[in-house]
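As structure tokens, the structure follows; a few thoughts come after it.
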Amino acid sequence: MKKILCCVMIACLLALAAPLGALADHQYLLDSDTRLITESELWQWDRESLSFMFNEIFARHGYPFEPGGKFYNWFNAQPWYQAVRKVTKEQAVAKATDLEWKNYYTIKSVISQMDAAGWPYRASAGSGLKSWRNFTPPDASLKLTGFSYLTLSANQKLDVYSAPSSSSWRGANGKAMLNTNGAVWAAGWENGWLLVFYETNAGSVRVGYVNGSRISGRVSLNDQLYFDRSSCRLTSAAALTDDPLRTMTTITNLRAGDTVTYLTTMTNQSGWSFDYIETTVGGQRVRGFIPTGCLDVPYDTLDDWDSYSK
């Protein structure tokens, strides 16, 4: 049965995703650093993509995004992005050129027009609109955007839960456990719990949380995670998984119309994007991934930097 559900989920991903590929003629979603952008070309994209283009202008100058957010996840997967932690957001924005500022206002204007027109926030299959989701992250070694390789003291066995609490759902029939002798990737901290993913003995991958108080030795990662936490409705049925990388084994099947909590969006090494969500299963709190395109996600709030324009 699990094999059938896995095949169904993969088929769903293939149906939702447009053909993947690297950017055709430049390394950015939009080359707003080298030419004037026109409104007509922006209307070829879905609304969410313009949010990435808007932030891309300042990401080129080291704009530091909050860990856990979808922009942090996406830009940290780009080889050209170098967040400068000692640089404030205002200092990064001040580095934008006159040309970039002109394009900033063009993108901002079209975003307002799209919002007023009810433009598709996320392009559906067959819509003919371009989307940031159509481009494979260049750095496939990241495996899952937002995570980085982490070294933990060896010979530890740590209980893993799907959400940051010991009362939440736990995989492997309630016995999910991380062996620190194997490879570990981590995204950051939430209320003293570390979000990680690791390979299981069965060859799958599991994303979940370990209690920081149970970890021996120093943990080099200090990032605190900032999730969206918006209440959202599913627009189509979807399988929830804690393995968005390999087997995509189903935790539970969600129905169209179900309400869940949206946390963030991540992309795997194959270029498939997922929304990371929270819901309940059998009365237990559970977090996992569903393919993007199944959820009516909230419009993002973009920083307004007009006062810094040259």
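Taking θ as phi - 60° and the Karplus parameters 6.51, -1.76 and 1.60, the scalar couplings of the stretch 244-255 work out to x, 10, 10, 7, 6, 4, 7, 7, 7, 9, 9, 9 Hz in sequence order, x denoting glycine and proline. Cα-based radius of gyration for the stretch 24-135, normalised by 2.2 N^0.38 Å, reads 1.06.
For the stretch 76-131, chymotrypsin sites (Phe, Trp or Tyr not before Pro) meeting the loop criterion (DSSP other than H, G, I, E, B) and having at most 12 other Cβ atoms within 10 Å: TRP80. The label-point distance for ASN181 and GLN224, in a model that sets each label 7 Å from Cα toward Cβ, rounds to 3.6 nm. Taking R0 as 45 Å, what's the FRET efficiency between ALA237 and ALA202 from their Cβ-Cβ distance, rounded to 0.05? Approximately 0.95, to the nearest 0.05. Any chance you could give the angle, 0 to 90 degrees and rounded to 10, that helix 98-117 forms with the longest Cα principal axis of the chain? The answer is roughly 70 degrees. The modelled label-to-label distance between SER148 and SER216, using points 7 Å beyond Cα along the C-beta direction, is 2.6 nm. Computed over the Cα atoms of the stretch 148-214, the ratio of the radius of gyration to the Kirkwood radius (Rg/Rh) comes to 0.91.
Quick note: the coordinates plus some simple rules give every number you see, no bench work behind them. Since this is a predicted model, take the numbers as computed values, not measurements. Reconstructed Cβ throughout: ideal geometry from the backbone, glycine too, with neighbour counts over all protein chains shown.
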